[in-house]
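Shown next, in structure tokens, is the structure this report addresses.
The values are calculated or read from the model by the stated rules, or taken from the named source; none is laboratory data. What you are looking at is a predicted structure, and each value in this text was computed from that prediction instead of being measured. When we count neighbours, we look across all protein chains shown, and the Cβ atoms used for this are built from the backbone with ideal geometry, even at glycine.
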Ligand SMILES: NC(=O)c1ccc[n+]([C@@H]2O[C@H](COP(=O)([O-])OP(=O)(O)OC[C@H]3O[C@@H](n4cnc5c(N)ncnc54)[C@H](OP(=O)(O)O)[C@@H]3O)[C@@H](O)[C@H]2O)c1
């Protein structure tokens, strides 16, 4: 039965992928994604392999002495709990993997989702162990914070809410960067209302305003912390020098910057600076906007109104070139009975103990899959082998290592 279902889906994959490769609108693309699903099959196959192998392993274990088996089990449980336990961003404790909520509203990767659809995803994520939820004033704008606020209101004291300021809005549209102290304070009042809370656990500067020195921004957040309206200060997409200046004025708990197997520029001084200053690192785009979740393939195309159309790594040529990395990640997924998204997230978790990825998703089954990445383990030899292999792949449309040293 499963074999026939697989054949039907594979037929769907080839017919939708080759005969009709152009996605006319994001909505049509969504439907096609659902038909293609090569990643899901691979995931399912991997999970089946896992169950089969676990069963075989179970029979084998019966032949071992009780003490050897229980010692091995204890050792492996310890390894798993090491990765799955909570992590610290500065002094702020969060789940090892958070939930990025950006794509739950319009203007991101999907057609807009309804509050009714997204609230169960956020609450379901909490049930699966997620305690760290990421949003921003600019997502929507405003509507994403409303969804997150309503979803988390009943469990407010059990979760960490992160949101970001840094823009002006005109007629409901983003109209430029703005980190003037007065504007930050006004923005935070709006954020608190939409998030249905009296404090923002982690308040990030989203993008640096070239007209306001970072020390002044940090000083304003310091006042908000003194007033109890924010608990921790975060930065996003800034250079190491800016982190240092901000940290001197107000302790920074986290830096949120893009980082994944495909975008590795934070390895140029950013991660080292975080480690030196005791700042946590929150990678956004940890599955490379879905690409490393095996959501797209060489036949994926985007209409002009899709956000992907303006992303350099999602042009037809770039996707084609970057498939080499996805193929490598798929191979490691097969090898480790995991899915490509899990390999991508587990690799990040293994880079530094203060790294907390926030994969974005609108699907509870993806939350579940992503959380299980905490159970995928790499030995140091495997990490070296993996890095040697992916370092040889020339990627297209990704940021340069030098970009790490510039505020974005
Ligand atoms: N600070 C900043 O400047 C900044 C910038 C961008 C984003 N962010 C934050 O970071 C979060 C994550 O970044 P991101 O959303 O840009 O990129 P991402 O997490 O790398 O990718 C999100 C995409 O991956 C898909 N996905 C997630 N898990 C998957 C899985 N297991 N299998 C297959 N596909 C999967 C999602 O689609 P489905 O919905 O279909 O699962 C979604 O379209 C955002 O939600 C936002 O909160 C911050």
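Residue by residue, here is whether (1) away from the ligand (no atom under 14 Å from the Cβ); (2) at pLDDT 95 or above; (3) at negative phi holds:
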| position | (1), (2), (3) |
| --- | --- |
| 135 | no, yes, yes |
| 148 | no, yes, yes |
| 155 | yes, yes, yes |
| 160 | no, yes, yes |
| 170 | yes, no, yes |
| 173 | yes, no, yes |
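Looking only at segment 171-186, how many residues end up being surrounded by fewer than 21 Cβ atoms within 10 Å (Cβ to Cβ) and in contact with a strand residue (DSSP E or B) (Cβ under 8 Å, 6 or more places away or on another chain)? Adding up the residues that qualify gives 6.
Annotation: residue 199 fulfils all but one of (1) in contact with a helix residue (DSSP H, G or I) (Cβ under 9 Å, 6 or more places away or on another chain); (2) farther than 15 Å from residue 232 by Cβ; the unmet one is (2).
Any residue at all in segment 103-114 that is within 15 Å of the ligand (Cβ to nearest atom) and closer than 24 Å to residue 233 by Cβ? Within segment 103-114 (the criterion being within 15 Å of the ligand (Cβ to nearest atom) and closer than 24 Å to residue 233 by Cβ), the answer is no, since none of the residues qualifies. Whether a residue is surrounded by fewer than 22 Cβ atoms within 10 Å (Cβ to Cβ), out of contact with any strand residue (DSSP E or B) (no Cβ under 8 Å at 6 or more places or on another chain) and in the same structural domain as residue 132 (by TED's automatic domain parsing) was assessed, and residue 345 does not pass this test. Counting just the residues of segment 132-158 that are in contact with a strand residue (DSSP E or B) (Cβ under 6 Å, 6 or more places away or on another chain) and surrounded by fewer than 24 Cβ atoms within 10 Å (Cβ to Cβ), which one comes out nearest to residue 192 (Cα to Cα)? Restricting to residues being in contact with a strand residue (DSSP E or B) (Cβ under 6 Å, 6 or more places away or on another chain) and surrounded by fewer than 24 Cβ atoms within 10 Å (Cβ to Cβ), the top hit is 137. A search for C-beta distances below 9 Å between a residue of segment 269-291 that is without any contact (Cβ under 8 Å) to a residue 40 or more places away in the chain and farther than 12 Å from residue 352 by Cβ and any residue that is within 12 Å of the ligand (Cβ to nearest atom) and part of a helix (DSSP H, G or I), counting only pairs 6+ apart in sequence or on different chains, returns 291/313; 291/314; 291/326. Of the helices (runs of 4 or more DSSP H) that lie entirely inside segment 293-408, those containing 2 or more residues that are away from the ligand (no atom under 16 Å from the Cβ) span 316-335, 380-391. Residue 189 passes every criterion in (1) away from the ligand (no atom under 16 Å from the Cβ); (2) crowded, with 18+ Cβ neighbours inside 10 Å apart from (2). Residues considered: 282, 238. Of these, the only one that is at pLDDT 95 or above, surrounded by 24 or more Cβ atoms within 10 Å (Cβ to Cβ) and within 15 Å of the ligand (Cβ to nearest atom) is 282.
Scan segment 202-242 for residues that are in contact with a strand residue (DSSP E or B) (Cβ under 6 Å, 6 or more places away or on another chain) and not in a strand (DSSP E or B) and the total you get is 7.
Residues of segment 306-319 include at least one that is more than 20 Å from residue 258 (Cβ to Cβ), out of contact with any helix residue (DSSP H, G or I) (no Cβ under 6 Å at 6 or more places or on another chain), in contact (Cβ under 8 Å) with a residue 12 or more places away in the chain and surrounded by fewer than 18 Cβ atoms within 10 Å (Cβ to Cβ).
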